[in-house]
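Here the structure comes first, spelled out in structure tokens, and everything after it is commentary.
The values are calculated or read from the model by the stated rules, or taken from the named source; none is laboratory data. Everything quoted here is computed from the prediction, not taken from an experiment. Methodologically, a virtual Cβ is constructed for each residue, glycine included, from the backbone with ideal geometry; neighbour enumeration extends over all protein chains shown. Just so you know, the surface numbers come from the protein's heavy atoms only, side chains and all, with ligands and any DNA or RNA stripped out. Shrake-Rupley method; radii C 1.70, N 1.55, O 1.52, S 1.80 Å.
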Amino acid sequence: MSDEPIIKFDKVVKRFGDLTVLNELDFEVKKGEKVSIIGPSGSGKSTVLRILMTLEDINGGVVTVGGEPLWHEKAPDGSLVPASETHLRKMRTQLGMVFQQFNLFPHMTVLRNITEAPVQVLGLSKQEAKQRGEELLELVGLADQAQKYPHQLSGGQQQRVGIARALAMRPNILLFDEPTSALDPELVGEVLNVIGKLAEEHDLTMLLVTHEMRFAREVSDRVCFFDQGRIREEGAPEDLFTDPNEERTREFLQAVLDN
Amino acid sequence: MLFGIAWDTSSGWAFAVSILPILLIGMWVTIQATVLGFFIALAVGLVWAALKAAPLKIISWPAAVVTEFLRDTPLLIQLFFLYYVLPEFGITLPAFMTGALALGLQYSAYTSEVYRAGIEAVAKGQHEAARALNLSGGRTFTHIILPQAIPRIVPAMGNYLVSIMKDVPLLSVVTVLEMLNVARIIGDRTFNYLVPLSMVGALYLIMTLVASAGVRLLDNWLPKQGIPLK
């Protein structure tokens, strides 16, 4: 873990119509850090990930990824102008995302889901992509499912394919947007195991939006509690979960941990 | 006699049997016009759909205006226009080509709406996943969105195939010898309209039933989740 932030939100504003979702958010993640984002729904947690994955633009402030502005480009005179699609494409290569609804391509086999982008975008040969795809399936424990289609798999298996697919693009930063929220309770464990293993064995920077408090506590270096478009409180998991400073954090944790 | 085939007017049945080969020649023209018109409608409609989906108004607007025009003016006017007006600008097409083109263009306005609906029905998450994986816009359209949209659009396209088939007799006004035109000529020359027109009706019924059955087979055969890619 170096001290230089790999992700930096500087007074970032995001609005949907009249609704302000991110309210001058300041937020930093260091390289290799595993950060969990918790908070009530509508607090802007997922929006942070979606802005990073360039699925949502921003209305104010600057987001920096790997030292370069994400939604802006430097004009010749040094000022920041809105990013072009070319710039966004370049920046996106650093990031990967795992979606709540998996978003696998239903008409492609599991293996093709994983190899499509490496072949098309990274320019890997089919053979190379296939070999790497099989390794990744091995990693997520689905080596024997390569030729199946997503609808033939359980939700937990589909999400593990989603993780393999994101990893296949070799991102430095992996974003998890409530990866277990759409799963039946008995399938949550297998997905968390894979994420936990990644967190332990790889120096990937990981950003995890989750409602799995116990898991967040186990796996994260830092936990951020989001409320009303800002970070209300952040800290090491053992501090934040056992002895939060803010009353709002305490209320939230009590409400979710009671369930 | 037509197309070098003579008819036998000695009895009703003998007449029917003797003109069947003549009508079948006309039917072959009808099928060709239907197929060609349908493929033009499929191809041009896809172009309209892509243009109308363009983020730039300068591209999407003209496409919307043209398709609206094609949809809201009678096929017969478009047919006359292509047949009588284009030659004044030095573009002369054979009657059959003009007819197929007119059919294809008018129906391209309808098929473009079918494409649009099919494309919009693909989940938003599919676009997001493709974007997150940095797939290009073109690749996303051809390999992610379209294969999933096609099974949804097959039934509606099948309906238009049958509609085009039933509009082919309009081509007779620009001298195309499709099935109905052939039957009318036989009637004019023998003063027996009942037999040839009845036969045309029956042959049409067979064609449309076969076409509908084919579309249903295709619909059942295509997996609902999209055209599979290994």
Determine the share of the protein assembly as shown's accessible area contributed by carbon and sulfur atoms, expressed in whole percent, with a 1.4 angstrom probe.
-> 58 percent
Considering protein heavy atoms only and a 1.4 Å probe radius, which residues within segment B:109-157 exhibit an accessible-area decrease of no less than 40 Å² in the full assembly relative to the chain by itself?
-> B:GLN126, B:GLU128, B:ALA129, B:ARG131, B:ALA132, B:LEU133, B:ASN134, B:LEU135, B:ARG139, B:ILE144
Sites B:PHE81 and B:LEU218 - FRET efficiency at Förster radius 45 Å, r taken between beta-carbons, to 0.05 | 0.85
Around A:TRP71, which amide H atoms from residues at least 5 apart in sequence, or from another chain, sit under 5 Å from its own amide H, with H modelled in the peptide plane?
-> A:VAL63
For A:GLU238 and A:ALA143, compute 0.36 nm times the residue count separating them, minus their Cα-Cα distance, and round to one decimal in nm.
-> 30.6 nm
For chain B, modelled as a GNM with alpha-carbon contacts under 10 angstrom, which of B:LEU93, B:LEU82, B:LEU170 fluctuates the most?
-> B:LEU93
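By the gyration tensor of its Cα atoms, with a ≥ b ≥ c the square roots of the eigenvalues, what is the shape of the protein assembly as shown: rounded for a/c under 1.5, prolate for a/b over b/c, or oblate?
prolate
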Computed FRET efficiency, Cβ-Cβ of B:LEU229 and B:LYS124, R0 25 Å: what is it to the nearest 0.05?
-> 0.75
Amide H neighbours of A:LYS30 under 5 Å, counting only residues 5+ apart in sequence or on other chains, H built in-plane at 1.01 Å?
-> A:ILE6
Counting only protein heavy atoms and rolling a 1.4 Å probe, one gets per residue an accessible area for chain B in Å² of 50 Å²
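For chain B, what is the mean residue ellipticity at 222 nm derived from helices alone (per DSSP H run of n ≥ 4: -39500 (n - 2.57); sum divided by total residues; nearest 500 deg cm²/dmol)?
-24000 deg cm²/dmol
Rounded to the nearest whole Å², what accessible area per residue is found for segment A:189-230 with the 1.4 Å probe?
45 Å²
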Just going by the charge dipole of the protein assembly as shown, with Lys and Arg at +1 and Asp and Glu at -1 on Cβ, which of A:VAL12, A:VAL256, B:GLN78 is farthest out on the positive end?
-> B:GLN78
So the A/B interface buries, both sides summed and with a 1.4 Å probe, an accessible area in Å² (nearest 100) of 2300 Å²
Cα gyration tensor category, rounded, prolate or oblate, for segment B:12-221 with a/c compared to 1.5 = oblate
Calculated from DSSP H runs of 4 or more alone, at -39500 (n - 2.57) each and per residue, what is the 222 nm mean residue ellipticity of chain A, nearest 500?
-> -10500 deg cm²/dmol
How far, in nm, would the chain grow between A:ASP77 and A:GLU246 when pulled straight, counting 0.36 nm per residue and subtracting the alpha carbon separation?
-> 56.4 nm
Evaluated at q = 0.11, 0.13, 0.14, 0.20 Å⁻¹: base-10 log I(q)/I(0), Debye formula over Cα of segment B:97-230 | -0.57, -0.71, -0.78, -1.15
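Where a ≥ b ≥ c are the square roots of the eigenvalues of the C-alpha gyration tensor, would you call chain A rounded, which needs a/c under 1.5, or, failing that, prolate if a/b is larger than b/c, or oblate?
oblate
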Check each residue of segment B:206-230 and keep those whose accessible area, probe 1.4 Å, is at least 20 Å² smaller with all protein chains in place than in the chain alone; give them in order of residue number.
-> B:GLN225, B:PRO228, B:LEU229, B:LYS230
Using a 1.4 angstrom probe on the protein heavy atoms only, line up B:ILE58, B:ILE77 by accessible area, largest first.
-> B:ILE58, B:ILE77
